[in-house]
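Chemist: Okay, here's the structure, questions in a sec.
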């Protein structure tokens, strides 16, 4: 105990690679010159902090783990406990073929610790807990809208399966009250069929109510002091609604964290996927690496924008002469993203260009 009490690692750095799971964490600890230990521990930041302070008192601790379902709470807790922590995109971690072939939790945490010590990792942006919860509201709505579409498709599939056709005088495109009432009055030949159809319809109506409540909450959030002015400014851009403005604000968080339009477009996923070898470079369409919510939303907004903004309409028409419209709209989405960036950086309304 006397020897332990004299330990002092002041000025030294300890690197911790973490492979985090729900029931246990795999931990690999390295110093500047050797590997200390690789072990498993309970999923508790305090356990790790106590181990480090007991074995390496006075040292500077650096930890890393991969972004995933665990979110950011581990990062926040470690920071509070005096352990510098970054979160990395799994695709950005240098991996050897041997590690890829023999992937295990122990291999992964050692790889993270080694890459952290070598300075090969760049952490992703970690937002505050409040911002993450606001983002979750918008993402939950998107998930519920997707579920609503699935419910509608299930009902239509069942009607088609039994040869039940929608009357010509009823419009089924917008799922009006009249169309839903018609479905509700359909009677199958057996009680089992009636129950199955009613179950699908009840689920649809339940999800619809949830989406309505989510829309109400998103509108209320957009009127708070934190978002009101930015939402107003963004809505001056063509194609941007309250919902799309809130999606932008909750996904981007802080526009100045992107040093350039290229960095922002890369985050959204509006850049080409390229392969280069020597003097040859080949484009392979749009990149697979993206923020799904933002890219889809911006492309949807762009289809509206080309009808409202003369400058974007001219650009779309010009691009459509040399490529498919589905590719041309991606270029328009990048132009729209540039407008969004300008509005948020300069806190100015968008002024459409005057076409002579």
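Chemist: Please state which one of 116, 121 is in contact with a strand residue (DSSP E or B) (Cβ under 6 Å, 6 or more places away or on another chain), touching a residue at least 24 places away in the same chain (Cβ under 8 Å) and in a loop (DSSP other than H, G, I, E, B).
Modeler: Exactly one residue qualifies, and that residue is 121.
Chemist: In addition: Here are the criteria: (1) touching a residue at least 60 places away in the same chain (Cβ under 8 Å); (2) over 23 Å from residue 119 (Cβ atoms); (3) more than 32 Å from the chain's Cα centre (by Cα). Tell me which single one residue 35 does not satisfy.
Modeler: (2)
Chemist: Filter region 160-190 down to the residues that are farther than 18 Å from residue 211 by Cβ, in a helix (DSSP H, G or I) and touching a helix residue (DSSP H, G or I) at 6+ places or on another chain (Cβ under 8 Å) and list them by number.
Modeler: Within region 160-190, 183, 184 qualify.
Chemist: In region 132-151, which residues are surrounded by fewer than 15 Cβ atoms within 10 Å (Cβ to Cβ) and over 30 Å from residue 253 (Cα atoms)?
Modeler: 150
Chemist: Consider residue 195 against the criteria (1) over 30 Å from residue 313 (Cα atoms); (2) not assigned by TED's automatic domain parsing to the domain that holds residue 141: it satisfies all of them except one. Which criterion is unmet?
Modeler: (2) is the only condition that residue 195 fails.
Chemist: Does residue 325 fit the bill of being over 25 Å from residue 259 (Cβ atoms) and under 28 Å from the mean Cα position of the chain (by Cα)?
Modeler: Working: over 25 Å from residue 259 (Cβ atoms): yes; under 28 Å from the mean Cα position of the chain (by Cα): yes.
So residue 325 fits the description; yes.
Chemist: Now for a separate question. Restricting to region 94-121, give me the number of residues that are in contact with a helix residue (DSSP H, G or I) (Cβ under 9 Å, 6 or more places away or on another chain), surrounded by fewer than 18 Cβ atoms within 10 Å (Cβ to Cβ) and at pLDDT 95 or above.
Modeler: Number satisfying all stated conditions: 1.
Chemist: Name the single residue, out of those in region 18-32 being part of a loop (DSSP other than H, G, I, E, B) and free of Cβ contacts under 8 Å to residues at least 60 places away in the same chain, that is surrounded by the most Cβ atoms within 10 Å (Cβ to Cβ). Reasoning before the result, please.
Modeler: Of region 18-32, the ones part of a loop (DSSP other than H, G, I, E, B) are 21-24, 31-32.
Within this subset, residues satisfying the condition of being free of Cβ contacts under 8 Å to residues at least 60 places away in the same chain are 22-24, 31.
Numbers: 22: 8, 23: 7, 24: 13, 31: 15.
By that ranking, first place goes to 31.
Chemist: Condition first: closer than 17 Å to residue 271 by Cβ, free of Cβ contacts under 8 Å to residues at least 60 places away in the same chain and touching a helix residue (DSSP H, G or I) at 6+ places or on another chain (Cβ under 6 Å). Now tell me which residues in region 315-336 satisfy that.
Modeler: 319, 328, 329, 331, 332
Chemist: Quick check: anything in region 142-154 outside any helix (DSSP H, G or I) and farther than 22 Å from residue 296 by Cα? Explain how you work it out, then say what you get.
Modeler: Just the residues of region 142-154 that are outside any helix (DSSP H, G or I), to begin with: none.
Taking every residue of region 142-154 in turn, none turns out to be outside any helix (DSSP H, G or I) and farther than 22 Å from residue 296 by Cα.
The values are calculated or read from the model by the stated rules, or taken from the named source; none is laboratory data. What you see is a predicted model; the values in this text were computed from it and never measured. Ideal geometry is used to build each Cβ from the backbone, glycine not excepted, and the neighbour counts take in all protein chains shown.
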